[in-house]
Every structure is written in structure tokens, then in C-alpha cells.
Amino acid sequence: MTITDRRSIDYDGASPFPGAAELAPVGRVRAGLTAAIVVLPFFALGAGIWLSGVTAVDLVLAGVCYVVTGLGVTVGFHRLLTHGSFRAPRWLRVMLAVAASMSFQGNVVDWVAVHRRHHAFTDRPGDPHSPYRYGAGWRGQLRGLAHAHLGWLFTDAQSPPARYAPDLLADPAMVRIARAFPALCALSLLLPSAAGWLISGSLYGGLTAFIWAGLVRVAVLQHVTWSVNSLCHLVGSRPHATRRHDRSTNLWPLALASFGESWHNGHHSEPTCARHGRGRLQIDLSANLIALFEWLGWAKDVRWPDPKRTPR
């Protein structure tokens with residue numbers, strides 16, 4: 001048993017995590033790249049407004065890129081590769097992993113390792129991005145909210161893939177996609193820019209598409225994802241039973257933008273389930289896409305909810 005495992009068992013649910021203030025920062029290069037990814041889209045937003053706002057072409061391209069990369073994360077990185085909510089043929093696994101990698105949220109192996117660690121130690125010592133890291137008091141929660149949303153990206157908290165994602169390390173296709181992460185990020189910005197240039201017939205159209213369908217779209221998707229890490233452990237309802245100390249919540253305002261990921265309490269109550277929104281009115285577009293894959297014969301052994309656990 002590791003030190004983290006022992007600390008997790010002894011945790012009382014209210015105190016700061018042992019060694020909460022001792023997180024080592026990441027190296028300067030990684031910190032600089034992370035800061036650039038976080039800050040540049042906000043400058044891009046200002047530049048886009050200064051350049052006479054957003055066009056219909058920009059909005060359409062941004063919407064298409066948001067849906068493709070966002071569902072890549074929720075269906076590919078999360079429900080398929082992290083939790084095994086369904087089985088998919090190799091070509092679909094690769095396509096989803098590539099689409100998700102273009103979201104600027106990290107390479108596939110590291111993403112899966114971090115998320116599996118989050119589930120192993122949810123809101124306890126060992127959780128890489130719990131908002132309760134600094135305690136359950138209001139000051140600790142404010143500091144923890146910043147940590148869970150963004151601060152954890154600048155720390156060197158290790159989630160070793162050899163421990164948390166050995167199956168992906170054993171998959172040559174996933175390893176190649178992980179190594180191609182920088183190139184896929186560049187492609188994520190270049191494709192909408194090229195499309196904007198071709199559709200508008202001008203470099204100006206390519207520039208505005210680069211800003212809105214590239215940088216700004218990336219920022220919106222990132223903050224929606226990070227909000228599931230932070231807000232969906234602090235604000236919302238908890239209709240489903242979860243493990244001790246797990247404070248995951250359902251937060252309906254984020255449901256559409258997160259493609260169903262903000263039904264987070266439903267997810268944590270049954271992590272391998274393909275549908276996170278359990279109620280009849282709980283929109284879960286990721287589950288709808290998986291259902292389409294199943295109908296097409298592309299998804300097998302889909303783990304749908306137990307009707308007895310679905311709220312009426």
C-alpha cells in the first residue's frame with residue numbers, strides 16, 4: 001500500500017489533504033505552454049471583436065469543431081477508453097482518440113491515467129483535481145475551486161500511465177496518437193483556418209476562422225471540461241449514492257455544452273455506464289451518439305443503466 005493509499009483511507013472528509021500545500025510545480029517549459037494555451041484564447045477573443053466581430057462562417061466552423069472534438073473527449077477519451085462503457089472496432093477507437101486529441105486537453109494516455117486516478121481517489125488524498133484539497137471550509141473551497149478548475153495543470157502530481165493506463169501503453173495505435181498530440185493540436189487550429197480561407201476566398205476569412213473556430217473554440221471546450229472537474233463537485237444535486245467522501249454533483253446548466261458530462265453524480269454512481277443522465281429529461285448527447293453507434297453495429301456490449309436505478 002502506498003503513502004497516498006494510506007492517507008486516503010485515513011481521510012476524515014473535511015480536513016485539508018495531507019501535504020496539500022506541498023505540490024511541486026511543473027517545469028518552466030510545460031508551465032509556459034500551459035499558460036499560453038490558457039491565456040492566448042482570451043487575447044484571440046479581443047482580437048476577434050476588434051476585427052469586426054464574428055461571421056456566420058466562423059460560427060458554423062466553431063460549432064462543427066466544438067462538436068467533433070468535444071464528443072471525441074466525452075465518448076472517446078472518457079466513456080470508451082477510460083471506463084470501457086462499450087466496445088468499438090479499432091478504426092472507431094482511433095478516430096475518437098484523434099478527435100479528442102485535437103481538443104488541447106492532453107494526450108490520450110495521460111488523459112486516461114489522470115481520470116482513472118480521479119475515480120480511484122475521488123475527493124480524497126490522491127485525487128489530482130479535487131476542490132476539497134484545501135479543506136471543506138469556505139476559504140479552503142475557494143482555493144480548492146481554483147485548483148480543481150485550472151491550478152492542478154501547473155502541478156507535478158504524477159498519475160503514472162504504467163499504473164493507471166497500462167492497457168493504452170500496450171496499444172501501439174494509442175501510443176502513436178499520444179506521441180502525435182502536438183501535431184494534432186496544430187491541425188486543430190489549421191483545419192478551421194484553411195476552411196475559412198477556402199469558403200470566404202480571403203486570408204481575412206482564414207484569420208477570423210483561426211480565431212473563433214480555432215482558439216476561442218478550444219478555450220470554451222476546455223473551460224466546460226474543467227468546470228466538470230471543479231463545479232460538478234461543489235454545486236448541484238446528488239440524487240445518486242456514491243462512495244464515501246465522493247461529492248460529485250449533477251449540474252444541469254452545463255449538460256448541453258458538456259454533451260452530458262455534467263450529470264456527474266450519475267456518472268460517479270456507476271462509472272462504467274454509457275449514459276450519465278439518468279432522468280428522462282436529462283440531456284446526454286454523448287449517450288445518444290453511443291446509441292447511434294450501437295444501432296449501426298459499431299458499438300458492442302454497451303453498458304446501459306439499470307432501470308431500477310433511474311430516477312422517475
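Conditions tested, residue by residue: (1) within 21 Å of the chain's Cα centre (by Cα); (2) at pLDDT 95 or above; (3) not polar (S, T, N, Q).
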| site | (1), (2), (3) |
| --- | --- |
| 137 | no, no, yes |
| 164 | yes, yes, yes |
| 168 | yes, yes, yes |
| 183 | yes, yes, yes |
| 187 | yes, yes, yes |
| 197 | no, yes, yes |
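Across region 103-128, the qualifying residues are those that are under 12 Å from the mean Cα position of the chain (by Cα) and in a loop (DSSP other than H, G, I, E, B), and the one among them that is nearest to residue 173 (Cα to Cα) is 107.
Could you tell me whether any residue of region 281-289 is surrounded by fewer than 19 Cβ atoms within 10 Å (Cβ to Cβ), at pLDDT below 95 and assigned to a loop (DSSP other than H, G, I, E, B)? Within region 281-289, one or more residues are surrounded by fewer than 19 Cβ atoms within 10 Å (Cβ to Cβ), at pLDDT below 95 and assigned to a loop (DSSP other than H, G, I, E, B).
Take the residues of region 108-145 that are in contact (Cβ under 8 Å) with a residue 60 or more places away in the chain and aliphatic (A, V, I, L, M): which is nearest to residue 37 (Cα to Cα)? Looking at the filtered set, the residue picked out is 108. Going by what's in this entry, would residue 219 be described as modelled with pLDDT under 95 and either loosely packed, with under 15 Cβ neighbours inside 10 Å or not β-branched (Val, Ile, Thr) (or both)? Yes; evaluated as a whole, the condition is true for this residue.
Okay, residues lined up against (1) over 21 Å from residue 37 (Cβ atoms); (2) crowded, with 22+ Cβ neighbours inside 10 Å; (3) in contact with a strand residue (DSSP E or B) (Cβ under 9 Å, 6 or more places away or on another chain):
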residue	(1), (2), (3)
213	no, yes, no
234	yes, no, no
239	yes, no, yes
263	yes, yes, yes
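Counting the residues of region 182-210 that are closer than 27 Å to residue 30 by Cα and surrounded by fewer than 17 Cβ atoms within 10 Å (Cβ to Cβ) gives 5. Residue pairs whose Cβ atoms lie under 6 Å apart, separated by 6 or more positions or on different chains, with the first residue in region 26-37 and of a type in the set (Gly, Ala, Ser) and the second surrounded by 13 or more Cβ atoms within 10 Å (Cβ to Cβ), are 31/154.
Conditions (1) in contact (Cβ under 8 Å) with a residue 60 or more places away in the chain; (2) touching a helix residue (DSSP H, G or I) at 6+ places or on another chain (Cβ under 9 Å); (3) more than 28 Å from residue 54 (Cβ to Cβ), marked per residue:
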site	(1), (2), (3)
148	yes, yes, yes
156	yes, yes, yes
159	no, yes, yes
162	no, yes, yes
169	yes, yes, yes
179	yes, no, yes
194	no, yes, no
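For region 89-107, a residue qualifies if it is buried (at least 21 other Cβ atoms within 10 Å of the Cβ) and either more than 24 Å from residue 37 (Cα to Cα) or hydroxyl-bearing (Ser, Thr, Tyr) (or both), and the qualifying residues are 101, 103.
The values are calculated or read from the model by the stated rules, or taken from the named source; none is laboratory data. Computed from a predicted model, the values in this text were never measured in an experiment. Here the Cβ is made from the backbone with ideal geometry for all residues, glycine too, and neighbour counts use every protein chain on show.
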